[in-house]
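A quick write-up on the structure given underneath.
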Amino acid sequence: MITKKYTHLFFDLDNTLWDFSSNSYEAFYDTLKRLNLLSVIGPYEDFFTIYSEENERLWDLYRKRQVTKKVLRVERFEAAFIRNGTPLAIGGDEVNDIYLEEMVNQTQLVEGARELLEHLYGRYKIAVITNGFTEVQYDKIHKSKLTKYFDKVITSEEIGTPKPGKKIFEYAAKSINAPKKSTLMIGDSWEADILGARDFGIDQIFFNPKMDKLDFEGLFLSISKPILSNIFQGSPLILVPDSENNYKKKVQTSLISRLDQLFAIL
Ligand SMILES: [Mg+2]
């Protein structure tokens, strides 16, 4: 018999519940259409790839606090257009404003997200911990009709520290009275969600839907000597060494590729 171990859950939002990849693809297309830029950028798919890389690069700098929110928002678009060989004639801020408008209109969820939240609703205290911007993340949740499922939504912008910083996890735990022992983090970012929650000292589920081979090798490489065993009915348990290189089982790291795998343990 599986005893119910967890009482509190922390969820990441983008690409864990809200389908950021699909939604941003649509939103960016609609943005370029509104700005009459579709005809100048070449094949949309190629341009979207460039934009995504620039966006990720800028977000990385933002997480490391090397650029401000304002720089991130403007620069990701201006840099993408420059790299594409079609520099913008308007400001990146103008593109950003329209993109954010279009973004919050998108409501596609990760497969199984609503069913899972419906299953968890009323049975767990749930907080969303997201590195997005406050007004954007709240709008996404509201428009996607997810508001009722969450006891608390915490954004890095409000707290001033993005994941994997400890402060945002501490704040989340305090705000829903979550004891570390019985709290579980679920997220798709190894660095922000999983390492962040490990550092904070709670169990984590790494949601890796693509089971990306490269990610996987990187993951195993980074933990050098993983010990895998079956817990949670088929979900591998990864033990990561602490600073002394001991494989201590202080907190558990598990892996899933589909959200419905969580039904087995929650
Ligand atoms: Mg995410």
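If a residue must be within 16 Å of the ligand (Cβ to nearest atom) and among the hydroxyl-bearing types (S, T, Y), how many such residues does region 1-55 contain? Counting residues in region 1-55 that are within 16 Å of the ligand (Cβ to nearest atom) and among the hydroxyl-bearing types (S, T, Y) gives 6. Filtering region 70-92 to residues that are surrounded by fewer than 17 Cβ atoms within 10 Å (Cβ to Cβ) and under 24 Å from the mean Cα position of the chain (by Cα) leaves K70, V71. Here E157 meets the list (1) within 15 Å of the ligand (Cβ to nearest atom); (2) in contact with a Gly (Cβ under 8 Å, 6 or more places away or on another chain); (3) modelled with pLDDT under 95 almost entirely, failing just condition (1).
Among residues of region 169-214 being within 13 Å of the ligand (Cβ to nearest atom) and acidic (D, E), the one that is nearest to the chain's Cα centre (by Cα) is D188. Filter region 116-149 down to the residues that are closer than 17 Å to L262 by Cβ, free of Cβ contacts under 8 Å to residues at least 40 places away in the same chain and hydroxyl-bearing (S, T, Y) and list them by number. Those that are closer than 17 Å to L262 by Cβ, free of Cβ contacts under 8 Å to residues at least 40 places away in the same chain and hydroxyl-bearing (S, T, Y): Y121, Y149.
For region 189-206, a tally of residues being surrounded by 23 or more Cβ atoms within 10 Å (Cβ to Cβ) and acidic (D, E) returns 1.
The values are calculated or read from the model by the stated rules, or taken from the named source; none is laboratory data. Quick caveat: nothing in here was measured; it's all calculated off a predicted structure. Glycine gets a Cβ as well: all are built from the backbone with ideal geometry, and neighbour counts include every protein chain shown.
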